[in-house]
1. Among the residues in the range 86-101, are any surrounded by fewer than 15 Cβ atoms within 10 Å (Cβ to Cβ) and within 18 Å of the chain's Cα centre (by Cα)?
2. Can you tell me how many residues in the range 102-123 are under 19 Å from residue 41 (Cα atoms) and either within 11 Å of the chain's Cα centre (by Cα) or exposed (fewer than 15 other Cβ atoms within 10 Å of the Cβ) (or both)?
């Protein structure tokens, strides 16, 4: 873990650092399977690319979080980014539901974790302003 991050003030309810690795391992497996399915369906023309767009944007924002938080060391940029992760995920799950509801259901743990991570990041940003 980044030394800078360990110096930040965090809320008492912040999970221990060791928990993030196992949680993201499970979530990335879910993301890989379900998002790959959506991209495959879009590639085949079974659904519009516009349905796959929020999934693509979600991946971009998700992968940007770590460099923004730990590389740039910017709580503010990380907070803005996690809001985009949450927003694009909600958008993605709502637009895919009419076509493949299982994709929405299987991503509920991801949605819950991102909602929690959003509150955590916004709290850390506020506490370290």
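1. Checked against the condition, which is being surrounded by fewer than 15 Cβ atoms within 10 Å (Cβ to Cβ) and within 18 Å of the chain's Cα centre (by Cα), the range 86-101 yields at least one hit.
2. Qualifying residue count, the range 102-123: 3.
Every number here is computed from the coordinates shown, using simple stated rules; none is lab data. If you're wondering where the values come from, they're calculated on a predicted model, not measured in any experiment. Note that we place each Cβ from the backbone using ideal geometry, even for glycine, and neighbour counts take in every protein chain shown.
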